[in-house]
């Protein structure tokens with residue numbers, strides 16, 4: 001392990017901005033994509049439920 | 001009663017042994033993707049935690065670059081995924097073009113946004129790595145330019161899909177675009193050999209022994225596996241959304257919802 005303290009770890013030998021900028025954006029992108037794709041599925045599911053509900057209502 | 005067996009969701013061919021064509025239809029793949037996605041997500045988290053641990057607490061400081069080299073642990077796996085996902089996407093698109101299977105086009109469409117995101121991550125992390133090591137955020141070098149073209153190919157695929165109302169026609173047009181664009185993949189991969197680039201050569205070669213520390217290599221492989229599992233999980237959830245969107249009028253979907 002190359003780190004003596006948390007501050008040393010956060011500083012990344014003076015390159016903290018570049019290293020953490022890379023990891024943070026990657027984490028945000030992956031998390032956001034997961035949230036968006038799950039929402040897309042939920043919306044499609046709800047739309048289908050409404051569609052089926054409407055067609056059953058009109059046929060009876 | 002001559003009822004088609006597929007309506008019951010249990011094709012009779014299944015009785016004669018595993019029939020892989022069975023999984024090529026949206027109604028059998030829909031529940032399968034739903035069951036598998038969480039397991040791939042769990043695998044992505046496990047590989048991710050292990051990879052990050054190796055990246056920050058096991059891999060040594062680079063003698064030339066210092067700590068900034070640690071960007072490599074996401075930069076290289078993201079770049080691998082950006083190219084790999086494009087090839088897989090083009091494979092599914094081509095399969096759909098050749099065999100007119102509905103699910104193939106849906107799989108290609110499900111992979112495109114994830115591929116585009118990994119291309120963006122590769123470019124973004126490359127830029128943040130380039131500034132302190134090369135002194136510039138961006139340079140019109142062959143490797144960087146061809147990777148940017150890959151991002152535009154993904155954008156073109158997504159825009160074309162969105163522009164054509166009939167999904168089956170959109171699939172065919174997108175398949176053609178995806179297949180033509182495959183020519184860019186070897187250009188990206190070999191760009192560092194074919195041209196004199198500022199970008200360094202391949203980090204991992206199939207023909208030479210790894211020149212980097214073994215722990216660095218292991219960290220990269222673990223995060224590549226994590227990205228791979230993540231891509232499968234997200235693509236499976238997205239393909240389920242696409243199936244729900246496109247198969248609105250089919251009868252089998254009523255049983256699902």
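The values are calculated or read from the model by the stated rules, or taken from the named source; none is laboratory data. No experiment lies behind these values; they were computed from the predicted model shown. Cβ sites come from the backbone with ideal geometry, for glycine too, and all protein chains shown count toward neighbours.
Against the condition closer than 15 Å to residue B:85 by Cβ and more than 14 Å from chain A (Cβ to nearest Cβ), how does residue B:159 come out, does it pass?
So residue B:159 fails the test.
Among (1) assigned to a helix (DSSP H, G or I); (2) free of Cβ contacts under 8 Å to residues at least 60 places away in the same chain; (3) over 22 Å from residue B:147 (Cα atoms), where does residue B:229 come up short?
Condition not satisfied by residue B:229: (2).
Out of all the residues in the range B:243-257, which are assigned to a helix (DSSP H, G or I) and either more than 10 Å from chain A (Cβ to nearest Cβ) or crowded, with 22+ Cβ neighbours inside 10 Å (or both)?
B:243, B:244, B:252, B:255
Do you know which residues across the range B:101-133 are more than 15 Å from the chain's Cα centre (by Cα) and at the interface with chain A (Cβ under 7 Å from one of its Cβ atoms)?
B:124, B:125, B:128, B:129, B:131, B:132
Taking only pairs six or more apart or across chains, which ones have beta-carbon atoms under 7 Å, a first residue in the range A:2-20 that is within 9 Å of chain B (Cβ to nearest Cβ), and a second residue that is assigned to a loop (DSSP other than H, G, I, E, B)?
A:2/B:60; A:2/B:61; A:9/A:3
Taking the options B:98, B:93, B:59, name whichever one is surrounded by 23 or more Cβ atoms within 10 Å (Cβ to Cβ) and either more than 12 Å from chain A (Cβ to nearest Cβ) or closer than 21 Å to residue B:236 by Cβ (or both).
B:93
Conditions first: (1) outside any helix (DSSP H, G or I); (2) modelled with pLDDT of 95 or more. Residue A:4 passes all but one, so which condition is the exception?
If we test residue A:4 against (1) outside any helix (DSSP H, G or I); (2) modelled with pLDDT of 95 or more, just (2) comes out false.
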